[in-house]
Amino acid sequence: MTWCESQPTVYYCLGLGKNSVLLERIDQAMMDARARHCLAGAAPTRVFCEFEYETKSGTWSRARRIIGKAEVTAQGDNPRFIVTNLPATGVREEADKTRFTAARLYEEIYCARGEMENVLKQQVLDLEADRMSTHYLASNQLRLWLATFAYLLMERVRTLGLFGSQLAQATVGSVRLKLLKVAAQVTVSVRRVYVQLSSAYPLQELFALCHGRLMRLPLWSD
C-alpha cells in the first residue's frame, strides 16, 4: 500500500481482516442494519460507513480510508472491511464523481474483483484451463486459448440462449452438465444428420428454448 501511495496514479482497493477496533467503529452501522433487517423480513440488509483507521502497532505508515459493510443476513451478522486510497470525491480524470463513494466502491469495484475470480475458477475447474502439461510453450498456450474460447462460447450461450431461465446465472460447469452432456442417438444419412434426444431428458423444454433463441440469432457477416 505504501508503494501504491508513493505513485501519482496507482490506486488500490483491498480486503481488510476484522479486528475488535474495526468492529467497534461500525457498531452503529450494524445496529442500523439489524433494525432494517427486522423490517425487511428475511432479505439481506446492508449499511455502509467509512472512517480513517491506523494500526496501533505502527505497521501502517499513515491513516487510511476504510469502508465498512454492516450486513445482516438470515445466517446472522456479516461485517466486512476494505481499505483503499481511492478518494470519495473521485479522481481528476473520472467523470462520475460518485463512483468511489462507500457503497459503490464496495459493490461495483471490490465485489467485481470477486466475480473475476469466479470466472477464472470456472475456466480452471469446468474447462480445465490449467492443463498445460506438455513440454512446449506453444502447445500449452494453445490449450489456454481453447479453454478461453470455450468459456466465451459458453458465456454467449448462457447470455443469449438462457436469459430468464433457471440456468441464467449458472456456472459453465452447470450449463455443460444440464444442457450439453445429454445422451442422444445420432443417425447419419446421405443428406442429413439426425440427433434424437432421450425422451427421459428432464430439461427438454429448456433445451428447446435455448436452441430456438440461438437459431433466431442473425448470422454474423462483414
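The values are calculated or read from the model by the stated rules, or taken from the named source; none is laboratory data. Just so you know, these numbers come straight off a predicted model, no measurement behind them. Virtual Cβ from ideal backbone geometry, glycine too; neighbours counted across all protein chains shown. The area values use the complete protein model at the heavy-atom level, side chains included, leaving out ligands, DNA and RNA. Shrake-Rupley method; radii C 1.70, N 1.55, O 1.52, S 1.80 Å.
For the chain, give the percent of accessible area contributed by carbon and sulfur heavy atoms, probe 1.4 Å, rounded to a whole number.
Values: 8700 of 15120 Å².
After summing per-atom areas, the C and S share lands at 58 percent.
Tabulate in residue order the Karplus-calculated ³J(HN,Hα) for the stretch 166-171, using 6.51 cos²θ - 1.76 cosθ + 1.60 with θ = phi - 60°, rounded to whole Hz; enter x for Gly and Pro.
My calculation for the stretch 166-171 gives 5, 9, 4, 10, 6, 6 Hz in order.
For the stretch 1-140, give the share of DSSP beta bridges that are antiparallel, in percent and rounded to the nearest 5; count only bridges with both residues there.
Numbers: 20 of 20 bridges.
Beta bridges within the stretch 1-140, antiparallel portion: roughly 100 percent.
Would you mind counting up the charge near residue 172? Only other residues with Cβ under 13 Å from its Cβ, with Lys and Arg at +1 and Asp and Glu at -1. The partial results should precede the final answer.
Details: positive: 121, 156, 158, 176, 178, 181; negative: 126, 128, 155.
Within the 13 Å Cβ shell, the charges total +3.
Based on the alpha-carbon set only, what is the convex hull volume of the stretch 63-222 divided per residue, in Å³? It would help to have the intermediate numbers written out before the result.
On the way: hull volume 44.3 nm³, N = 160.
It comes to 277 Å³ per residue, whole-number rounded.
With a cut-off of 8 Å between alpha carbons and a minimum separation of six or more residues, what is the relative contact order of the stretch 1-140 in percent? Working shown, then result.
Values: 174 pairs, mean separation 27.7, N = 140.
Reported relative contact order: 20 percent.
Just to confirm my numbers, what's the Cα centroid distance between the stretch 1-19 and the stretch 144-186 in Å?
37 Å
Identify all aspartates and glutamates with a Cα-Cα distance to residue 181 below 15 Å; exclude those on the same chain that are fewer than 8 residues away in sequence.
Once the sequence-local aspartates and glutamates are set aside, what remains near residue 181 is 126.
Pop the C-beta distance of residue 36 and residue 7 into the FRET formula with R0 = 45 Å and round what comes out to the nearest 0.05. Intermediate results must be reported in sequence, preceding the final value.
Working: r = 39 Å, r/R0 = 0.88.
For R0 = 45 Å, the calculated efficiency reads 0.70.
Per residue, how much accessible area does the stretch 79-131 show when a 1.4 Å probe rolls over the protein heavy atoms, in square angstrom?
On the way: 3140 Å² over 53 residues.
Result: 59 Å² per residue.
Can you tell which of 120, 21, 40 lies farthest toward the positive end of the dipole of the chain, using +1 and -1 charges on the Cβ of basic and acidic side chains (Lys, Arg; Asp, Glu)?
Value: 120.
Determine by what factor the alpha-carbon radius of gyration of the stretch 7-143 differs from 2.2 N^0.38 Å, reporting the quotient.
1.37
Taking the 0 to 90 degree range and rounding to the nearest ten, how far is the long axis of helix 111-125 tilted relative to the main principal axis of the chain, both from C-alpha atoms?
Tilt of helix 111-125: around 40 degrees.
In sequence order, what are the phi-derived ³J(HN,Hα) couplings for the stretch 62-70 according to the Karplus relation 6.51 cos²θ - 1.76 cosθ + 1.60 with θ = phi - 60°, rounded to whole Hz, with x for glycine and proline?
With the stated coefficients, the stretch 62-70 comes to 6, 6, 10, 6, 10, 9, x, 9, 9 Hz.
Ratio of Rg to Rh for the stretch 150-192, alpha carbon only, Kirkwood? Don't jump to the answer; show the numbers that get you there.
On the way: Rg = 13.3 Å, Rh = 11.8 Å.
Here the Rg-to-Rh quotient is 1.13.
If you fit an axis through the alpha-carbon atoms of helix 204-215 and take the longest principal axis of the Cα set of the chain, what angle between them do you get, 0 to 90°, nearest 10?
Roughly 90 degrees, rounded to the nearest 10.
Can you tell me the dipole magnitude for the chain around its Cα centre, using point charges on the Cβ only (Lys, Arg +1; Asp, Glu -1), in Debye to the nearest 20?
620 debye
Measure nothing fancy, just the Cα-based angle from helix 27-40's long axis to the longest principal axis of the chain, in degrees from 0 to 90, nearest 10.
Roughly 40 degrees between the two axes.
Show me 6-12, 125-131, 65-71 ranked by packing, highest mean number of other Cβ atoms within 10 Å first. Show your work: numbers first, answer last.
Numbers: 6-12: 9.6, 125-131: 15.6, 65-71: 22.3.
Top of the packing list down: 65-71, 125-131, 6-12.
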